[in-house]
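Just below is one structure, and these are the notes that go with it.
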Amino acid sequence: MQNYRAANFSIHDKVVIITGAGGGIGKAMALGLGQAGAMVACVDRDFSAANAVAKEIGPDKGVAIDCDVTLEDSVTAAVAAVIGRFRRIDALINNAGQLHRCLVKDHTLADWNRIFTVNVTGTFLFSCAVLPRMIEQGAGRIVNFTSALGVRSTPGGAAYGAAKAAISSFTNTLHQEVAGHGISVSAIAPGLTNTAMANDNMTSEYMERIAASYPGGRLGQPEDIIGLAHFLMTEASKHVSGSTIFVRPPGG
Ligand SMILES: NC(=O)c1ccc[n+]([C@@H]2O[C@H](COP(=O)([O-])OP(=O)(O)OC[C@H]3O[C@@H](n4cnc5c(N)ncnc54)[C@H](O)[C@@H]3O)[C@@H](O)[C@H]2O)c1
């Protein structure tokens, strides 16, 4: 057996792009991976929020990038800025997302398209933008954010659930396309996590009911996702690719 060392879990000096790093789970991952030694490009359409996170990581390791993941030119410029600053891209975390709850019979096309564009098209655009550099490097990690609601949604969650299901499918397809280039593609499906997204869209009764079924009887906190994201950046996880990893079982 090869030496199994702590170094297999090191992400020191790895260059990681995190979209939606200005708040919620993205912010927690940016700060956590930064503390673990990664260089973190904090991408968000809310630049001041991303900038505050990058500052907390520190001037040598953190950089804020103003970018809307739904706009191709904005994404291209963001990736060029990361390469200009750090010269490589070890990992991309497609975390930026939005949720809109509405029954199908009342849904507007505009809201349907917005949810698909942010979640699915944003993931597609950012992945496309980093692939040339990762293929050239012969290595890279892409981690997408889906949801247990992508397998089993609830009334009012049609657009979000369908968009997150699409991300899991995209993850598996992209994995097959780039595995030969040394690139791993995985998806994380958090359970209900205490962020602005959850608090703005779920009733407190629903959150309390779900929390009661979680370990410790509490909702997930953004910090609970850092360890899994960290693992997917490491040498130790290089054989993990193509799957959606569920933090909580769908419907559970
Ligand atoms: N919170 C949960 O319970 C939960 C559960 C399952 C999956 N998720 C997924 O986890 C990810 C993070 O969710 P969160 O709860 O931290 O969300 P959040 O709303 O708290 O934070 C999302 C961040 O993304 C940014 N963002 C939104 N649209 C953007 C765009 N077009 N371009 C750039 N940045 C944009 C926001 O400014 C914000 O900083 C999302 O993909 C979400 O769908 C969340």
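Going through the range 7-39 one residue at a time, which ones are open to solvent by 30 Å² or more (accessible area, probe 1.4 Å) and either at pLDDT below 95 or away from the ligand (no atom under 16 Å from the Cβ) (or both)?
7, 9, 10, 12, 13, 14, 35, 36, 39
From 182, 220, 138, 216, grab the single residue that is more than 24 Å from residue 104 (Cβ to Cβ), free of Cβ contacts under 8 Å to residues at least 60 places away in the same chain, near the ligand (Cβ under 8 Å from one of its atoms) and small (Gly, Ala, Ser).
From the options 182, 220, 138, 216, the qualifying one is 220.
Considering each of 141, 114, 133 in turn, give the residue that is modelled with pLDDT of 95 or more and touching a Ser or Thr at 6+ places or on another chain (Cβ under 7 Å).
Just a single option satisfies the conditions, and that option is 141.
Given the conditions (1) open to solvent by 10 Å² or more (accessible area, probe 1.4 Å); (2) under 21 Å from residue 70 (Cα atoms); (3) of a type in the set (Val, Ile, Thr), report the number of the one that residue 185 does not fulfil.
All conditions are met except number (1).
Being under 25 Å from residue 233 (Cβ atoms) and either in a strand (DSSP E or B) or in contact with a Pro (Cβ under 6 Å, 6 or more places away or on another chain) (or both) is the filter here, so list the residues in the range 74-110 that pass it.
Residues satisfying the conditions are 91, 92, 93, 94.
Can you tell which of 173, 195 is closer than 30 Å to residue 83 by Cβ, among the β-branched types (Val, Ile, Thr) and without any contact (Cβ under 8 Å) to a residue 40 or more places away in the chain? Give the steps one after another, and end with the answer.
Working: 195 fails: without any contact (Cβ under 8 Å) to a residue 40 or more places away in the chain.
Step by step, each of 173, 195 is checked, and only 173 is closer than 30 Å to residue 83 by Cβ, among the β-branched types (Val, Ile, Thr) and without any contact (Cβ under 8 Å) to a residue 40 or more places away in the chain.
Going through the range 36-73 one residue at a time, which ones are among the β-branched types (Val, Ile, Thr) and part of a strand (DSSP E or B)?
Let us first name the residues in the range 36-73 that are among the β-branched types (Val, Ile, Thr), namely 40, 43, 53, 57, 63, 65, 69-70.
Those that are among the β-branched types (Val, Ile, Thr) and part of a strand (DSSP E or B): 40, 43, 63, 65.
Tell me, which residue of the range 154-171 that is surrounded by fewer than 17 Cβ atoms within 10 Å (Cβ to Cβ) and not small (Gly, Ala, Ser) is nearest to residue 104 (Cα to Cα)?
155
Kindly list the number of the only condition in (1) within 12 Å of the ligand (Cβ to nearest atom); (2) in contact with a Cys (Cβ under 7 Å, 6 or more places away or on another chain) that fails for residue 156.
Of (1) within 12 Å of the ligand (Cβ to nearest atom); (2) in contact with a Cys (Cβ under 7 Å, 6 or more places away or on another chain), only one is false for residue 156: (1).
Condition test on residue 190, is it without any contact (Cβ under 8 Å) to a residue 60 or more places away in the chain and open to solvent by 10 Å² or more (accessible area, probe 1.4 Å)?
Against the criterion (without any contact (Cβ under 8 Å) to a residue 60 or more places away in the chain and open to solvent by 10 Å² or more (accessible area, probe 1.4 Å)), residue 190 does not qualify.
Out of 238, 164, report the one residue that is more than 13 Å from the ligand (Cβ to nearest atom) and at negative phi.
Just one listed residue meets the conditions, 238.
The values are calculated or read from the model by the stated rules, or taken from the named source; none is laboratory data. Keep in mind that this is a model prediction, so the values were computed, not measured. Positions of Cβ are backbone-derived with ideal geometry, glycine not excepted, and every protein chain shown enters the neighbour counts. Note: accessible area is taken over every heavy atom of the protein model, side chains too, but ligands, DNA and RNA are not part of it. Shrake-Rupley method; radii C 1.70, N 1.55, O 1.52, S 1.80 Å.
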